[in-house]
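A quick write-up on the structure given underneath.
Laboratory data are not the source of any read-out in this text; all were calculated from the coordinates shown. A quick note: this is a predicted structure, and the numbers were derived from the prediction, not measured. Glycine gets a Cβ as well: all are built from the backbone with ideal geometry, and neighbour counts include every protein chain shown.
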Amino acid sequence: MKIENIQVLRGPNIWSISRRKLIQMRLDLQELEHKPTNKIDGFYERLKALLPSMYDHRCSPGVPGGFFERVIAGTWMGHVIEHIALEIQTLAGMNTGFGRTRETKTPGVYNVVFNYVEEKVGIYAAEAAVRIAQALIDGTEYDLEHDVQTMREIREDTRLGPSTGSIVDEAIARNIPWIRLNNQSLVQLGYGKYQVRFRATMTEQTSSIAVDIASNKEETKRLLQEQAIPVAKGMTISSTDQVDEVIKRVGFPLVFKPLDGNHGRGISINVKTREDAIAAYEHAARISRKVIVERYITGYDFRVLVIDNKMVAAAMRVPAHVKGDGVSTVQQLIDKENTDPRRGYGHEKVLTLISVDRDTLDLLDKKGYTLESVPPEGETVFLKSTANLSTGGTSIDVTDHVHPQNIFYAERISKIIGLDICGIDIMAENLTEPLPDTGGVVLEVNAAPGFRMHVAPSEGLPRNVAGHVLDMLYPPGKPSRIPIIAVTGTNGKTTTTRLIAHIVKNNRKRVGYTTSDGIYVQNTMMLKGDTTGPVSAEFILKDPTVDFAVLETARGGILRSGLGFTRCDIGVITNIQEDHLGLADIHDLDDLTRVKSVVINSVKKDGWGVLNADNPYCVRIGKRADCNIAYFSRDENNPVIKEHCKNGGVACVHENGFITILKGDWKIRVQKTIAIPLTFGGTVPFMIDNVMAATLAAFLWGFKTEDIRISLETFIPSAAQTPGRMNIFDFKEFRFMIDFAHNPDGYNGVREFLSHVDSPYKIGLIAGTGDRRDDDLRELGRIAARMFDHIVLRQENHLRGRTKENMIGLMTEGMKEVKPDMSYEVIDYSNVKSIEYVIGLAKPGSFITTLSDAVDGAIGIVQTFQEKERDQ
Ligand code: ATP
Ligand code: ATP
Ligand code: MG
Ligand code: MG
């Protein structure tokens, strides 16, 4: 077997719209193509022995044991690998269960698709599954536990922490989109202008000054004390000379802690002698010169969580500990405690495994113990100095038992410090009585408090505290999404995207749009290049200034990693025509239809799909779509349009020289085609298509027809507004057009336009592209022969596996089929020289056309020649 490639899909994709997180592995089974599982001796037995839990996989029989039945009956290795990849992820604590294995057009090569929770784990699972299958085939030993543990470790390394994760989960539940902004915990909720960022439990609203105050324990205590909040009596010292003074003023027992420490580092508690006090000072001073010394308070550690000035949860926290039984050693007691099924690796379960570290040994040492000591029965031996869950501590939810007066204190504290998400550490006998009654005190206030103790307490009710964060960040009525119009199709995507963006902008929106030329915000190009994939879509959705997105969405990105957005408001398919067939497992128009339909299937239920009624593939997508559909057509009598409008549907047609919206029986004439510059006086049918698609999308969004009309009038096909699309440059004696047509339908569109152009001598400068099938190149030659009097074939630089001779040969073959005596020549000049050359061929009245990417930077070059002529 050979893995040909592994792709990570992150958005709606050809396999599924709702299952966005998929691994797609292209796998060549090689000799195994002829060996299903029933033909491999002992395969089933070995599989069952290594992965008995796969019994639960129902597979197509739909019952437990279903997958094993398939293995016994005989199934292909790709299918088995899919199930292994799912199972090992599940064993590593990441529940997965969706998979598909499909053959490709290449015999023996399959696409194995399965879902993941963490993408790096998914990639690992793909590779491991192939290794495991191979070991099962060969009957060799396999260390499965090693893979499972590695996958757990990768997950802990890459996944969002539990607090961040809980907020993201709540956002998903509320249908608020999110984007992870780095490989730590920085996350964006919402899109564009409506975004809010947070990191762990700090939000973009968290006051920086409040965080500063909270991280300075002295400052915090002073501010609280001034507002009559009970705190432990104490002072801050910065040398051993002050120890005696502290003892006198505060009195034993004492606690020493570094002024700006955390996680319990450098703390000594219950200090009772002068000698210990000096040692405790020195211990703390190693972390910060200033040391807080305060009265030791007896009681339990509580954490009260206040969000948006409301108390939302309270927990009692106990550091990791074991209870002596009089016979077991400390180590044995720890080992026994770790067998508790609630304890897991990292944050995988409610509790974390207890590990022995320096802190543990120090604590034991203070008691005069080692790991080999046997504590008496009933004695509690603490193993960590802090109650953090991540070091094995436990938590008990006490939210419902907090005395109203303590709630009053807690909410007031969050205001005094100024934190929107505020964790208050309290030392007290309990929280059921007011703090002053029990002598309880506030020890410190934490910014960015962890949520796990509340979300998954070891005892008591879990609290959905993330819900309160979202209530604060997105109060009722505040939107989280900006409108998204996604445009796909074989031809006309960029032009349609630009025209829609132009209409949107004229409606006083701040539009961000992506095209195969680059990414734009309003009129400014932010990034140049073919930016039609998910990363470019995210670029716009991350822009905090944008309030409307129009996204050209090409097949490349959909196939590579899925859409860059989870759903859109309007999806447009301009057409589905032949282009780039034979690449990436897309062999015919049916395959292409499956790819383009992803955009329509991602439209929200009450959104709209805008489809070309003149294109049967689009019509097929329309029939199956879940969202509302609107069609456009060059012919108002197109039967699809007739039927659609009879049922009250919305459509856009070209009738009697008008671009007209049909709404049931109503006709709304938007504008005369001759007044729409993009249609070249109505002579370019494909531009009329693009205008109809854009008009319909804008109308469905709710823009007024008057406003759409003005936008259609002001959108000029020019190097500025539609670079490379039908840009015509006037010279004194001739005209020069640059157009990006690069497939048969594009060529035919240009041919249609040229048939309206009055010129005695039409010259074409053309080139093929390497990644085309032989007959596609011939076809381009045929169409070119029909529209030009003379053809200049340029040696193409983007050969992609072909030779120049082969490409030129195929194109001339096509030309000669149509016109055996076609006048043509082949040139091999630089970009500038080629343009200069065709200009040299011009006679008075000539019309020169360069098509496709025949000349890189053609616009700039032609403009230079135009300036030269003007200067003469
Ligand atoms: P963390 O970051 O884990 O919250 P920290 O380093 O910020 O810890 P504190 O929260 O001030 O330090 O103290 C850590 C623990 O030490 C407390 O949870 C408590 O158990 C104990 N402690 C601190 N001060 C006192 C005190 N005055 N009396 C009794 N115990 C105390
Ligand atoms: P690409 O896949 O290269 O990004 P695109 O779909 O974005 O192309 P445009 O850039 O708008 O398409 O147009 C490219 C060329 O295709 C145009 O220059 C024109 O020749 C032709 N074309 C534009 N619109 C259509 C259409 N609706 N139908 C057929 N051909 C079109
Ligand atoms: Mg603390
Ligand atoms: Mg494009």
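The table below lists the values:
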item	result
Order of 865, 699 - criterion: other Cβ atoms within 10 Å of each residue's Cβ, fewest first	865, 699
Label point at residue 349 placed 7 Å out along Cα→Cβ; residues across segment 387-415 whose backbone nitrogen lies under 19 Å	388-397
Residue order, fewest to most surrounding Cβ atoms within 10 angstrom, among 624, 481	624, 481
Mean separation of Cα contacts under 8 Å, 6 or more apart, over the residue count of the chain: relative contact order %	8 percent
Given charges at Cβ of Lys, Arg, Asp, Glu: the chain dipole, positive-most of 872, 179, 95	872
Rounded, prolate or oblate (a/c below 1.5 giving rounded, otherwise prolate when a/b exceeds b/c) for segment 134-258 by Cα gyration tensor	oblate
Of 489, 267, 447, farthest towards positive along the dipole that unit charges on Lys, Arg, Asp, Glu beta carbons give the chain	489
Between helix 77-91 and the chain: long-axis angle, C-alpha atoms, 0 to 90°, nearest 10	30 degrees
Relative packing of peptides 835-843, 823-831 - highest average C-beta neighbours within 10 Å first	835-843, 823-831
Between helix 274-285 and the chain: long-axis angle, C-alpha atoms, 0 to 90°, nearest 10	10 degrees
Karplus-derived 3J(HN,Hα), 6.51/-1.76/1.60, for each residue of segment 482-490, Hz, glycine and proline x	9, x, 10, 10, 10, 10, 10, x, 7
Sorted peptide list for 145-151, 387-393, criterion being average Cβ within 10 angstrom, highest first	387-393, 145-151
By average C-beta atoms within 10 angstrom, highest first, the peptides 742-751, 647-656	742-751, 647-656
For segment 2-158, size of Cβ-based charge dipole, Lys and Arg +1, Asp and Glu -1, in debye	740 debye
Debye, to nearest 20: dipole size of the chain, +1 on Lys, Arg Cβ, -1 on Asp, Glu Cβ	1920 debye
Using alpha-carbon coordinates, inclination of helix 404-417 to the longest axis of the chain, degrees	60 degrees
Theoretical gain in end-to-end length, residue 429 to residue 222 [0.36 nm per residue, Cα-Cα removed]	72.2 nm
Whether segment 271-370 is rounded, prolate or oblate, judged on the alpha carbon gyration tensor where a/c under 1.5 counts as rounded	oblate
Qualifying chymotrypsin sites (Phe, Trp or Tyr not before Pro) for segment 1-93 [loop in DSSP, other Cβ within 10 Å: at most 13]	none
Segment 777-872 shape via C-alpha gyration tensor axes, a/c threshold 1.5	oblate
Residues with amide H under 5 Å from that of residue 607, placed H, sequence gap 5 or more	628
Bridge type composition, the chain - antiparallel percent by DSSP, nearest 5	65 percent
Helical contribution to [θ] at 222 nm, DSSP H n ≥ 4, -39,500 (n - 2.57), averaged over the chain, rounded to 500	-11000 deg cm²/dmol
Karplus 3J(HN,Hα) series, Hz, for segment 546-561 with 6.51 cos²θ - 1.76 cosθ + 1.60 (x for Gly, Pro)	8, 10, 7, 10, 10, 10, 5, 10, 8, 5, x, x, 4, 6, 5, 8
Lysines whose Cα lies under 26 Å from that of residue 384, excluding same-chain neighbours fewer than 8 positions away	217, 221, 233, 257, 272, 290, 323, 336, 349, 366, 367
Dipole moment magnitude, nearest 20 debye, segment 233-295 about Cα centre, only Lys, Arg, Asp, Glu C-beta charged	180 debye
